[in-house]
Amino acid sequence: MLKRISEVLPGILGVTRVQLFVYNRAAKTLDGALDESGAAVSISLSSPVGNSSRRSGVLLLPDAAGDSGHRPQPVPDCSRRRRARPRSLLFVPMLVQGESVGVLELDQDGHARDFTPDEQAMAQHLGNQIGVAIRLQDQRSVQEQLFRTEKLAAVGRLISAIANELQAPLSSISELADKALGKAAAGAAGGEVSAIASEVRKAADTVSRLVAFSGSELVEARPVCVSTLLRD
C-alpha cells in the first residue's frame, strides 16, 4: 500500500514522500512501513519524552520561537532516517468506525507550505480508506488462522477415530500371537510367530501414541504451575 500511494500521491498533493504508521496495540507503538531505504521506524507511545535511549521513537514539535530542545517534535531522529528533516508535515489519523488504526504522514522538503482544507480532507479520506484496507487485511489473516486451526482439529479428530478403530483388532492380534508363540515356541514356526508378535506390538505402540497426540490437542486449557514444570 505504501509503495502504491508513494507513486501517486506526491504528484497529486505535491509532497516529497509518504509514510505509513500502523498502531501496534500489544506493544503500544506506531510501527512504520518499510521505506525506500529498507528501514522501518517504530515509535513508542508509552516511553517518556526525556528518555534519550528511545529518542528515535519520540515525537517532537518545535514551538513558534524555535525552541525545539525540550518540546515534542513530529519527526524521529533524522540521523536514523539519513535524510533532511522536512519543512512541512501533515499527520492524518487513519480512522475506521471512529477508531484509529494508524497514521498517514505526508512530508514536504525544500519549502514550508500550508495544506489547504481540500487537501487535508482528501488526505483524511485516503487515510480512512487505507485504514479500512488494513483492518480487512487483519481480519483476513485472523480468518486464515482460524481456518488452519479448524483444519488441524479436523485432522486430529480423524486420526483419533482411525487409531481408536485400530486399537481393538491390534490388541486381539497381539493376544493371539502371544498364545500362538507359546504353543509354537519349540516348533519350526516359532521364529515367524515371534516376529508377528513383535510387529503387532510396534503397531499398537504407534496407535497409542497417535491417540495420545490427538487427545492432547483437544483438552481444555487449565492453570499450570510454572515453578513445578521447571522443577520437574
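Between Val142 and Met122, take the C-beta separation as r, use R0 = 30 Å, and let me know the FRET efficiency to the nearest 0.05. Don't jump to the answer; show the numbers that get you there.
Numbers: r = 31 Å, r/R0 = 1.03.
For Val142 and Met122, the calculated efficiency is 0.45.
Under 5 Å between amide hydrogens, built in the peptide plane, is the criterion, and for Val41 it picks out Gly32 among residues at least 5 positions away or on other chains. Each residue of the stretch 19-30 is assigned a 3J(HN,Hα), and the resulting list reads 9, 10, 10, 9, 6, 9, 5, 5, 8, 6, 9, 9 Hz, derived from the Karplus form 6.51 cos²θ - 1.76 cosθ + 1.60 (θ = phi - 60°), x at Gly and Pro.
Counting only protein heavy atoms and a 1.4 Å probe, the stretch 115-213 has 70 square angstrom of accessible area per residue.
With all protein chains present, how much of the accessible area of the stretch 105-200 (probe radius 1.4 Å) comes from carbon and sulfur, to the nearest whole percent?
60
The Rg/Rh ratio of the stretch 122-198, with Rg taken over Cα atoms and Rh as the Kirkwood radius over Cα pairs, comes to 1.65.
The values are calculated or read from the model by the stated rules, or taken from the named source; none is laboratory data. Owing to the predicted nature of the structure, the values given are computational and were not obtained by experimental measurement. Using ideal geometry, Cβ is built from the backbone for each residue, glycine included, and neighbour counts are taken over all protein chains shown. The accessibility values were calculated without ligands, DNA or RNA, using every heavy atom of the protein model including side chains. Shrake-Rupley method; radii C 1.70, N 1.55, O 1.52, S 1.80 Å.
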